[in-house]
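Coordinate-derived values only; no laboratory data. Keep in mind that this is a model prediction, so the values were computed, not measured. Cβ placement follows ideal geometry from the backbone for every residue including glycine, while neighbour counts extend to all protein chains displayed.
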Amino acid sequence: MKKYSILFCIFLLGLIVHGQSKISKNNANNCPQAYGPVPTPAQLAWQKMEMNMFCHFGPNTFTGLEWGAGTEHVDIFKPTALDCNQWVSVAKQGGFAGIIITAKHHDGFCLWPNPMSTHTLRESSWRDGKGDILLELSEACKNGGIKFGIYISPWDRNAPTYGTKAYNKVFIKTLNHAHSNYGEIFEQWFDGANGEGPNGKKQIYDWKKFNLQTLKKQPNAVIFSDIGPGCRWVGNEEGRSGRTCWSRLEVKGFGPGLDAPSQDTLNCGNYNGESWVPAETDVSIRKGWFWRESEHPKSLQELLKIYYNSVGRNSLLLLNVPPDTRGLIPSEDSLRLIEFRSSIELIFADNLAKKAKMIKASNVRSCGSTDYYKTQNFYDPHRMVDDDYDTYWATDDSVYTAWVELQFDSLQTFNRVMLQEYIPLGQRVASFSIEIEQPNGEWKTIAKETTIGYKRILLCETCTTKKVRLMIDKSRACAIINYLGLFLDEIYSE
Ligand code: FUL
């Protein structure tokens with residue numbers, strides 16, 4: 001009996017030791033654990049796209065209206081030289097990773113032969129009713145190696161069933177059709193707008209079913225609405241994300257449209273939001289969303305400001321570039337986009353932080369394993385200046401306040417600081433600042449901000465120094481920073 005008890009004890013001990021070695025093997029590098037809500041793989045891939053192009057195109061392109069009435073004759077839509085490959089080539093030259101097209105705007109006109117509507121390209125005389133812009137654009141995107149997304153307005157001023165329960169079914173079938181025939185859709189855009197007014201038709205949208213239907217056919221689609229679930233409206237159409245911008249949002253009790261949180265909340269997110277719903281900044285390159293002969297693209301300076309206020313503030317930029325009545329993007333817009341892209345490339349070509357002869361930190365997370373990067377710690381602050389997204393400087397679990405100091409051999413001149421938090425593990429930093437050493441040896445704070453998130457670009461005075469510090473003044477869990485850049489922008493001036 002005693003012999004069996006001893007054997008049993010040895011067996012139990014074996015199980016425990018085996019379990020422990022498994023745990024330490026799984027976390028040999030003492031990886032930080034996720035904090036709060038985190039992005040799904042689709043949301044992360046979406047955030048990394050950084051800039052996408054929006055194309056508002058439809059009857060309004062021909063009438064000059066912003067909101068069509070839904071009574072426009074189908075033959076009004078008659079592009080003379082449509083070429084979706086041209087849109088894709090403009091998008092690529094402008095540095096956009098995807099295109100989102102208004103497949104159906106508020107006037108209800110469908111840019112594809114939607115079987116649920118009689119107000120589509122099929123009923124028009126354009127190309128003898130055989131036209132399908134979703135098909136042409138999705139193929140052009142595929143061939144050009146960029147992603148394809150669609151905007152479908154729930155508000156429909158043409159659908160006879162709008163304002164009745166039956167409309168939700170029509171809308172779900174509309175989604176089903178658009179999501180089944182054009183390959184992978186990276187983003188589904190649900191506009192919350194409804195201009196029916198007090199005496200207009202009232203539609204109670206079944207958002208839950210709209211989302212479920214979308215994910216049924218397009219499981220990787222990021223769903224945009226005022227409150228997500230994939231990404232949220234930034235709260236304005238001026239191209240401005242909040243200076244404080246959490247990717248977290250409190251969605252319980254809220255809905256898109258009239259039930260949305262305040263525009264300020266959408267702009268900044270919620271400190272304690274239970275869901276990961278990052279901000280998307282939608283803004284037009286021209287005054288209106290649809291092309292009009294009388295309007296022209298924004299200046300390079302205006303576009304750079306939008307870039308800094310969106311991509312530079314933890315938001316994705318969705319820039320609307322509307323095709324004209326030919327079905328082409330005018331050359332004044334495409335030339336502006338080429339300037340825009342090359343300016344961004346020039347500004348961020350040379351990360352001065354890489355030249356630092358020493359980068360030291362007040363705390364570096366301890367790492368059990370030495371075999372990965374051989375001599376250096378896995379979480380060493382140098383990880384912030386390598387080009388690997390998945391390596392980072394991290395502090396120990398109990399450390400919420402820390403600093404990193406870069407020391408250079410020679411004086412460096414910069415006026416932009418770029419930072420990235422490793423968001424696959426959540427958003428943590430709530431307050432940080434940048435300091436430089438002055439010629440008299442004293443330190444000076446040149447920026448004091450709150451959130452970082454996926455990407456933060458600070459615009460500061462032009463500084464020349466040999467020492468720069470990033471101060472994490474408050475992190476909500478151990479700090480995890482995967483990028484630090486110092487740049488000199490000689491193009492944009494505020
Ligand atoms: C708004 C719409 O009403 C505008 O026409 C435009 O489509 C913009 C992107 O969203 O809510």
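Just a few scattered comments:
- Qualifying positions in segment 156-178 - of a type in the set (D, E, K, R) and part of a helix (DSSP H, G or I): 165, 169, 173
- Listed by position, the helices (runs of 4 or more DSSP H) contained in segment 25-128 that have at least 2 residues being away from the ligand (no atom under 16 Å from the Cβ), surrounded by fewer than 18 Cβ atoms within 10 Å (Cβ to Cβ) and of a type outside the set (Asp, Glu) are 41-49, 84-93.
- When residues in segment 448-487 are screened for being assigned to a strand (DSSP E or B), under 18 Å from residue 388 (Cβ atoms) and of a type outside the set (Ser, Thr, Tyr), 5 of them pass.
- Residue within segment 206-215 that is among the β-branched types (Val, Ile, Thr) and either surrounded by fewer than 22 Cβ atoms within 10 Å (Cβ to Cβ) or in a loop (DSSP other than H, G, I, E, B) (or both) present: no
- Residue that is under 30 Å from residue 40 (Cα atoms), outside any loop (DSSP other than H, G, I, E, B) and in contact (Cβ under 8 Å) with a residue 60 or more places away in the chain, where the choices are 346, 304: 304
- For segment 143-155, filtering for residues that are out of contact with any strand residue (DSSP E or B) (no Cβ under 7 Å at 6 or more places or on another chain) and either within 16 Å of the ligand (Cβ to nearest atom) or not in a loop (DSSP other than H, G, I, E, B) (or both) leaves 4.
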